[in-house]
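Peer 1: The structure under discussion is supplied below as structure tokens; questions concerning it will follow.
The values are calculated or read from the model by the stated rules, or taken from the named source; none is laboratory data. The structure presented is a predicted model; accordingly, all values stated were derived computationally and were not measured. Every residue, glycine among them, receives a Cβ derived from its backbone with ideal geometry; neighbour counts consider all protein chains shown.
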Amino acid sequence: MQVGILSATLIWLVFVVLLAALLLWRVGEHRLHAQELQKAEQLGSVALSVISGIEDPIEVRGKLRTMRTASPQIAVLELASPDNPPSSDAEASTLTRVVGQDGRELVVGIATDAASRDRLWSTLGALISLGTVFLLMSIFLVVVIGRLVGRPIRQLEQQAARLADGKIDSSVAGAVPGDFEALTRSLERIGARMQSERDQNERIGEELQRTNSLQGLMLRELNHRIRNNLASLTALVSISRTQESTVSEFAKRIERRIEAMAAVHGMLSERNWSPVALLDLLERLQPLELGERIKLIGPDIDVGAAQATPLAMVLQEMFANALEHGSLGSGAGWLQVQWDIGEAAEGEIIVINWRETGGPSPNPTAAAGTGTTLIRGLIEGELRGDVSLNHTPDGVSHRIRIPLKPGTQVGST
């Protein structure tokens with residue numbers, strides 16, 4: 001649009017120049033004619049003063065003829081009379097009539113100043129030529145600007161409009177010549193930046209969707225875990241109530257088991273309900289004040305979130321038994337927990353060997369208490385594994401086998 005305005009401005013400017021030339025020529029013609037009339041009137045006044053008082057027509061004409069011969073500017077100098085028309089020289093002169101005080105009237109004609117008119121026409125021709133040159137130059141500039149400037153500007157405007165509409169994959173690279181390539185490259189960089197921001201926004205949107213899905217999954221898992229924990233807590237209360245003799249023992253057992261459940265719940269929350277390392281679980285549950293008498297040996301094994309809570313309750317119960325009845329209850333006893341990956345017909349399993357030494361000799365004939373019942377119930381029920389509890393004169397030796405993959409049933413051997 002700017003190119004069109006510039007083109008129209010140039011063309012109108014040329015027309016203004018041509019009109020100004022014609023106007024100047026017309027003004028010059030009018031001024032030259034006025035000068036000639038003024039000069040004719042002055043010469044007529046002089047001639048009337050010369051023939052003043054002369055009544056003889058022949059003498060008057062002689063005087064006038066003498067004045068016309070003496071002055072080459074005078075083309076006509078005659079007495080005005082209907083019977084005396086102007087001579088043929090009047091056609092090439094500027095005529096005027098001058099009336100004297102005695103009532104006589106002279107026809108005075110001044111020869112046209114050919115040189116002045118030639119200069120006037122030359123000036124007019126020069127102005128017209130200059131205007132024509134301007135016109136041709138304007139047309140040329142309109143064409144050149146339209147091709148070299150207007151077209152690239154239109155292409156840049158179109159690309160900017162496409163970028164504004166979100167079509168950032170469009171490009172006019174290589175189509176815009178000259179200095180406009182810098183603007184084109186700038187628009188290309190803007191488009192690339194917009195594309196990068198769009199991709200980033202899409203990635204953020206996808207990440208938000210994944211986060212929302214993960215949060216929903218975590219909430220469902222948390223709800224499931226809470227229900228399971230409440231059910232387990234209810235079962236613990238029922239078992240402990242029937243087998244504990246005093247309220248203090250009952251409260252102590254319940255408190256310890258709830259602490260184990262809280263510990264594993266905290267670990268799962270910290271890891272967004274992803275699997276936890278068996279070593280971390282043991283270190284969280286072991287009595288911290290007796291850590292130097294406990295050896296934990298085994299490779300890195302992760303326990304699934306569904307297995308972590310029941311396994312933590314089993315391990316906590318075994319630690320509690322070691323403190324109350326086993327090696328950790330004496331000042332010289334030791335506890336070694338060793339685990340590894342084993343093979344079974346159902347697939348890979350976790351094998352945990354629990355060995356206590358240096359403590360009091362166990363009573364193999366003692367009836368199974370609440371802890372033993374809880375251990376067997378959790379391992380065989382929720383963990384779908386098996387357990388072997390051995391009490392020998394030189395200490396306690398237990399073996400626990402649970403599936404590495406949750407949901408798999410481990411058969412007895």
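Peer 1: Which one of these does residue 284 not meet: (1) surrounded by 13 or more Cβ atoms within 10 Å (Cβ to Cβ); (2) modelled with pLDDT under 90; (3) of a type in the set (Lys, Arg)?
Peer 2: Unmet condition: (2).
Peer 1: Is there a residue in region 285-304 that is over 21 Å from residue 254 (Cα atoms) and touching a Gly at 6+ places or on another chain (Cβ under 8 Å)?
Peer 2: yes
Peer 1: Follow-up. Would you say residue 383 is modelled with pLDDT of 90 or more and in contact with a strand residue (DSSP E or B) (Cβ under 7 Å, 6 or more places away or on another chain)? Before the answer, list the steps.
Peer 2: Numbers: modelled with pLDDT of 90 or more: yes; in contact with a strand residue (DSSP E or B) (Cβ under 7 Å, 6 or more places away or on another chain): yes.
Here the answer is yes, as residue 383 does meet what is asked.
Peer 1: What number goes with the only condition from (1) farther than 27 Å from residue 388 by Cβ; (2) surrounded by fewer than 18 Cβ atoms within 10 Å (Cβ to Cβ); (3) modelled with pLDDT under 85 that residue 292 does not pass?
Peer 2: (3)
Peer 1: Kindly indicate whether any position in region 307-322 is surrounded by fewer than 19 Cβ atoms within 10 Å (Cβ to Cβ) and either within 17 Å of residue 399 (Cβ to Cβ) or among the aliphatic types (A, V, I, L, M) (or both). Spell out how you get there, then give the answer.
Peer 2: Our first condition is that a residue be surrounded by fewer than 19 Cβ atoms within 10 Å (Cβ to Cβ); within region 307-322, this holds for none.
The answer is no, given that none of the residues of region 307-322 is surrounded by fewer than 19 Cβ atoms within 10 Å (Cβ to Cβ) and either within 17 Å of residue 399 (Cβ to Cβ) or among the aliphatic types (A, V, I, L, M) (or both).
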